[in-house]
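Here's the structure, in structure tokens; my notes come after.
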Amino acid sequence: MMKILPKMSSYDKISVSEYSKRFHHPAIRCLLTNVVGEAYNASALFFTLGCLASGDGAYLEGGSLGLAQRMAKRFNQLGGKILYGSPVDQVIVEHNRAVGIIVKGQRINADAIIITSDTLSATKKLFAPALSEPWIERMHNNTKLAACTFVSIGVECDLSNLPEDLLFPLKKSFTFVGQEITTLSLHNYAGYPGYAPKGCSTLTTIITGDTYEFWKAKKECGEYDKEKENLGNSILAFLSQVLPQTAGKVAVIDVATPLTYERYCGTLHGSWMAVTEKGTKSTAYPLTSESTKSLYFAGQRLQTPGGLPVAVDTGRRAVQYLCKDTNVVFQGKLR
Ligand SMILES: Cc1cc2nc3c(=O)[nH]c(=O)nc-3n(C[C@H](O)[C@H](O)[C@H](O)COP(=O)(O)OP(=O)(O)OC[C@H]3O[C@@H](n4cnc5c(N)ncnc54)[C@H](O)[C@@H]3O)c2cc1C
């Protein structure tokens, strides 16, 4: 791999969009710009495709929900206890040590705290005063938030004869919050059992771009639901053009906006990853606090661009730090 590193760093300097222009065929260009997003540096494309090609990356069984449920089951089996529907209001710091949390007005004491919600939100909202350390400020200043609008569709027809990923150039592009949308990408879950009733199929499409302020303004003026409906109808119109078998067969549609992600996950700006633009490299941040003992961090923000692998890996490493600080041997393969 050492020989490849200088070559890889040259791809850090150009964007996916620029890299795609090295290809003449419009279909290849279209494909490349739709893998991770046009604004990312081209290395992100190689990491993603390399990971998939080597068999080291794939779609998780049951998606993110399946992953989370398996982790919760394992945690419970090991004696862990999860308090659902109990957002933490504050982390209690006494004499430079994290000693507990406040949940629904109640204090829960703790020997150590690992914050796994968005570090950007948590450091501002869960501490009084906000937690400020040089690395936290760097993270606040340097993270370019990625956001999207995500449309999920249930159709009463069997699409299992179609590939899992479909990408259609649109005959007529459309403008959404100032962004020209020229393609419709579809993820087709028909091949996975349990995603839709028999004979039906589930599709999702992702519209990348930071539309947080747009949706927030719509919410404030009472047009949020109407605007979601408008976008949903536009997508359905395109869907019936590219997959005519779905026309008139849509049973359910759901539009998730950055406000949805903000509400469900508490992420800053409803952002679910970071954009590593050209000229920037992946940045890793410490998982421990410099000023407060017994305080650890894990999750997507601790290494750009984030994503599930970073969330899982930082969770494991945060526990390793905790073990080291408390003289406990880390047993990653405990059965
Ligand atoms: C449409 C879409 C497609 C994606 N595709 C991919 C992909 O293909 N590959 C990939 O790697 N990543 C993908 N991601 C990104 C990935 O989902 C995130 O980066 C990842 O989930 C981040 O994990 P996390 O544990 O850091 O944070 P989260 O998943 O946001 O989890 C944080 C948790 O903390 C909880 N929480 C927040 N505040 C509090 C509080 N005060 N008290 C208690 N709990 C709190 C939230 O409820 C949430 O459960 C995608 C995301 C989206 C939206």
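The values are calculated or read from the model by the stated rules, or taken from the named source; none is laboratory data. For clarity, every value in this text was computed on a predicted model and none was experimentally measured. Backbone-built Cβ (ideal geometry, glycine too); neighbour counts: all protein chains shown. With ligands, DNA and RNA removed, areas are computed over all heavy atoms of the protein, side chains included. Shrake-Rupley method; radii C 1.70, N 1.55, O 1.52, S 1.80 Å.
The alpha carbon convex hull volume per residue for region 4-53 rounds to 73 Å³.
Per residue, how large is the accessible surface of region 145-268? Use a 1.4 angstrom probe and give square angstrom. Accessible area per residue: 53 Å².
Taking only pairs that are 8 or more places apart or on different chains, how many Lys pairs in region 1-107 have Cα atoms under 19 angstrom apart?
Lysine pairs, 8 or more places apart or on different chains, close enough: 5.
Solvent-accessible surface of region 4-53, averaged per residue with a 1.4 angstrom probe and all protein chains in place: 59 square angstrom. A crude spin-label estimate for the pair Thr204 and Asn327, with each label 7 Å from Cα along the Cβ direction, gives 4.6 nm. Rounded to the nearest 20, the size of the Cβ-charge dipole of the chain about its Cα centre is 740 debye, with Lys and Arg at +1 and Asp and Glu at -1.
Across region 59-64, coupling constants 3J(HN,Hα) worked out from phi with the 6.51/-1.76/1.60 Karplus curve, θ = phi - 60°, read 7, 6, 4, x, x, 5 Hz, and Gly and Pro carry x.
Shown here is the pair-distance distribution of the chain: with all Cα-Cα distances grouped in 10 Å bins from zero up to the longest one, the shares run 5, 20, 30, 26, 14, 4, 0 percent.
Averaging Cα coordinates gives a centre for region 298-335 and one for region 198-246; these two points are 36 Å apart. Couplings 3J(HN,Hα) of region 137-153, computed from phi: 5, 4, 4, 4, 6, 9, 7, 9, 6, 9, 9, 7, 10, 10, 10, 10, 10 Hz, in residue order, whole Hz [Karplus 6.51 cos²θ - 1.76 cosθ + 1.60, θ = phi - 60°; x for Gly and Pro].
For the pair region 155-172 and region 1-46, the centres of their Cα atoms are 25 angstrom apart. Listed by chain and number, the aspartates and glutamates whose alpha-carbon sits under 13 Å from that of Lys144, ignoring those within fewer than 8 places in the same chain, are Asp210, Glu277.
The lysines whose alpha-carbon is closer than 17 Å to the alpha-carbon of Lys218, local same-chain residues fewer than 8 away aside, are Lys226, Lys228. The 3J(HN,Hα) values that the Karplus relation (6.51, -1.76, 1.60; θ = phi - 60°) gives for region 18-28 are, in residue order, 5, 4, 4, 6, 6, 9, 8, 6, x, 5, 5 Hz. Gly and Pro appear as x.
Per the Debye calculation on region 3-154 with a single equal scatterer at every Cα and no solvent contribution, log₁₀ I(q)/I(0) for q = 0.16, 0.17, 0.19, 0.21 Å⁻¹ amounts to -1.13, -1.17, -1.23, -1.31. Average accessible surface for region 72-115: 72 Å² per residue, computed with a 1.4 Å probe over protein heavy atoms with every protein chain in place. Only protein atoms count toward the accessible area here, which uses a 1.4 Å probe; on the chain, the carbon and sulfur part of that area reaches 56 percent. Given the options Val93, Val242, Val252, state which has the largest fluctuation in a GNM of the chain using a 10 Å cut-off (strictly under) for Cα springs. Comparing Val93, Val242, Val252 in the GNM, the peak value goes to Val252.
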